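The structure under discussion appears below in the form of structure tokens.
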Amino acid sequence: MIKAVRGTRDLLPPDTALWNFVEAAARDVFRAYNFQEIRTPILEDLSLFQRSVGEETDIVSKEMFAWEDRGRAASEKGQMLALRPENTAGVVRAYIEHKLWERPGVQKLYYIGPQFRRERPQKGRYRQFYQIGAEAIGPPAAGSESPARDAEILEMLATLLDRLGIRDWTLELNSVGCPNDRPRYFEALRAAINPVVAQMCADCQRRAVTNPLRMFDCKVPEDQPIVSKLPRISDYLDEACREHFAEVQRILTALEVPFTINDRLVRGLDYYQRTAFEFTHGALGAQNAILGGGRYDGLSETLGGPRAPGIGFAIGEDRLVLALPGSAEALAHKPDAYIAPLGAGMNREAAKLARELRKHDLVIEMGDESFRLKKSFDTADKLGAHYVIIVGENEVASGNFALKQLGGEQQTVPRSELASRIQSHK
Ligand code: HAM
């Protein structure tokens, strides 16, 4: 038997109702904050992620699904392709490719779609997973750098989680500074690491040279006592970064959005500057980060574009669905009515009636003229239909139909009143 590939899964009804509920709520909230949808390809040039997410990150160095495409001629080298592990890089590529800075204001873009990382699968962690994300990016003159944008995004996320009935969340906030702070901070980090680096894992020994910030991603238990004592970026922020971060916090406080400062939060992607954040959720166990994001003020330039500060986030939809209070059963729809055609030639009549009723926004399911009445009733019952409508020769001729409420009474209803009678139960 061929099964779904490790780390991927089928989303089946009724669970898909939860996914649709979440996506509809997200689209509604994004609309209120004037975000519009962008759809970028799942397939991108590998170098896009090497240059943005960063070659030293776990995502790019260990978890990419990437391969060399066939060249046009046999002798020609093919392009290196990758399944996207995240969507920020694709959005910024599209921003540059389509010169979106020529459009007015800050570009506020959202996306919903699959991402791919070759991680070790476990609850809440998959190799194909889904993100609902948004990015606000634009020229500095449009206000893209303002701490007001950071606060707006964070408040929007709090609103979305509240709207979904998710209560038990914590917003962890940090500032990871900017290129101006990094040389002094890296100097301090290296000074702290040098005496102990030889005792650390091979990855950390390499990171100490290439990108010391990535040592915070280390998961080797023996290294943790060292990592936990490393200097914190918060002590090395320059005046502008410090003030930016303070203003984000002031606005959030004014909006009554609760947050905690976590100065160990550095995020696993290289493009971040200044504000970085994660929302965690109590019920999720080890994979408790329900979403993550931050500012990436230098990313556009890294990818060859103009200066375009930006901030965004991505929600792990798989995890968000796990944190929902409601059940899929309650959200999934059931037929309002089940049409039971009775006898030869009645499929045709049932189809005509179904067509009429569906125009009234009713959910209609149909049996088959070969079914005995009992089979139709049993099926309707199993499907959770509210009514059964019997369609036989007499009903069609008289224009009066037997409308039977399952577990309730039967009435005779003229064809023209069927829809309104069914609707009245809703
Ligand atoms: P990220 O922290 O790598 O950030 O991913 C965001 C969220 O995606 C995580 O908090 C988690 O909920 C979910 N996620 C990540 N990996 C998996 C997985 N293997 N299985 C299930 N869920 C997962 C980003 O991707 C950035 N692009 C966010 C961003 C947007 N920053 C700025 N703009």
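A single member of 72, 9, 51 is at pLDDT 95 or above and in the same structural domain as residue 107 (by TED's automatic domain parsing), and it is 51. Within the bounds of the range 157-173, is there any residue that is under 19 Å from residue 107 (Cα atoms), without any contact (Cβ under 8 Å) to a residue 60 or more places away in the chain and aliphatic (A, V, I, L, M)? The answer is no, given that none of the residues of the range 157-173 is under 19 Å from residue 107 (Cα atoms), without any contact (Cβ under 8 Å) to a residue 60 or more places away in the chain and aliphatic (A, V, I, L, M).
Residues that are more than 20 Å from residue 296 (Cα to Cα) and more than 12 Å from the ligand (Cβ to nearest atom): does the range 54-61 have at least one? So far as the range 54-61 goes, yes, one or more of its residues are more than 20 Å from residue 296 (Cα to Cα) and more than 12 Å from the ligand (Cβ to nearest atom).
In the set (1) under 18 Å from residue 131 (Cα atoms); (2) away from the ligand (no atom under 16 Å from the Cβ), residue 67 fails one condition alone, (1). Is one or more of the residues making up the range 240-254 at negative phi, surrounded by 15 or more Cβ atoms within 10 Å (Cβ to Cβ), among the polar types (S, T, N, Q) and modelled with pLDDT of 95 or more? Yes - at least one qualifying residue is present in the range 240-254. Look through the range 127-138, keep the residues that are open to solvent by less than 40 Å² (accessible area, probe 1.4 Å) and either closer than 21 Å to residue 82 by Cα or assigned to a loop (DSSP other than H, G, I, E, B) (or both), and return whichever of them is nearest to the ligand (Cβ to nearest atom). Ranking the candidates gives 129 first.
Can you pull out the helices (runs of 4 or more DSSP H) entirely within the range 1-64 that have at least 3 residues that are among the aromatic types (Phe, Trp, Tyr)? Break it down stepwise before answering.
Working: elements: 15-32, 46-49, 58-62.
Of the helices (runs of 4 or more DSSP H) lying wholly inside the range 1-64, those with at least 3 residues that are among the aromatic types (Phe, Trp, Tyr) span 15-32.
Listed by first and then second residue, the pairs with beta-carbon distance under 9 Å, at least 6 apart or on different chains, first residue in the range 47-67 and over 21 Å from residue 78 (Cβ atoms) and open to solvent by less than 40 Å² (accessible area, probe 1.4 Å), second part of a helix (DSSP H, G or I) and of a type in the set (Gly, Ala, Ser), are 52/89; 53/89; 54/61. Of the numbered criteria (1) of a type outside the set (Val, Ile, Thr); (2) within 12 Å of the ligand (Cβ to nearest atom); (3) crowded, with 21+ Cβ neighbours inside 10 Å, the one residue 95 fails is (2).
Scanning the range 258-271 for residues that are crowded, with 17+ Cβ neighbours inside 10 Å and more than 15 Å from the ligand (Cβ to nearest atom) returns a single hit, 259. Consider the range 288-308 and keep the residues that are in contact with a helix residue (DSSP H, G or I) (Cβ under 6 Å, 6 or more places away or on another chain) and either open to solvent by less than 10 Å² (accessible area, probe 1.4 Å) or within 13 Å of the ligand (Cβ to nearest atom) (or both). The one that is nearest to residue 406 (Cα to Cα) is 290. The residues listed here are 149, 184, 120; of these, the one that is within 14 Å of the ligand (Cβ to nearest atom) and either assigned to a helix (DSSP H, G or I) or open to solvent by less than 30 Å² (accessible area, probe 1.4 Å) (or both) is 149.
Filtering the range 151-169 to residues that are touching a helix residue (DSSP H, G or I) at 6+ places or on another chain (Cβ under 8 Å) and among the β-branched types (Val, Ile, Thr) leaves 159, 166. Considering (1) within 12 Å of the ligand (Cβ to nearest atom); (2) open to solvent by 10 Å² or more (accessible area, probe 1.4 Å); (3) in a strand (DSSP E or B), the lone condition that residue 81 does not fulfil carries the number (1).
Just for the range 309-329: of the residues that are farther than 18 Å from residue 169 by Cβ and not hydroxyl-bearing (Ser, Thr, Tyr), which one is nearest to the ligand (Cβ to nearest atom)? Full working, then the answer.
Residues of the range 309-329 farther than 18 Å from residue 169 by Cβ: 309-312, 327-329.
Filter once more, so that each one left must be not hydroxyl-bearing (Ser, Thr, Tyr): 309-312, 328-329.
Numbers: 309: 12, 310: 8, 311: 7, 312: 3, 328: 19, 329: 24 Å.
By that ranking, first place goes to 312.
The values are calculated or read from the model by the stated rules, or taken from the named source; none is laboratory data. Owing to the predicted nature of the structure, the values given are computational and were not obtained by experimental measurement. Cβ coordinates were reconstructed from backbone atoms using ideal geometry, including for glycine residues, and neighbour counts include every protein chain displayed. Quick note on the areas: whole protein, heavy atoms, side chains included, nothing else; ligands and nucleic acids left out. Shrake-Rupley method; radii C 1.70, N 1.55, O 1.52, S 1.80 Å.
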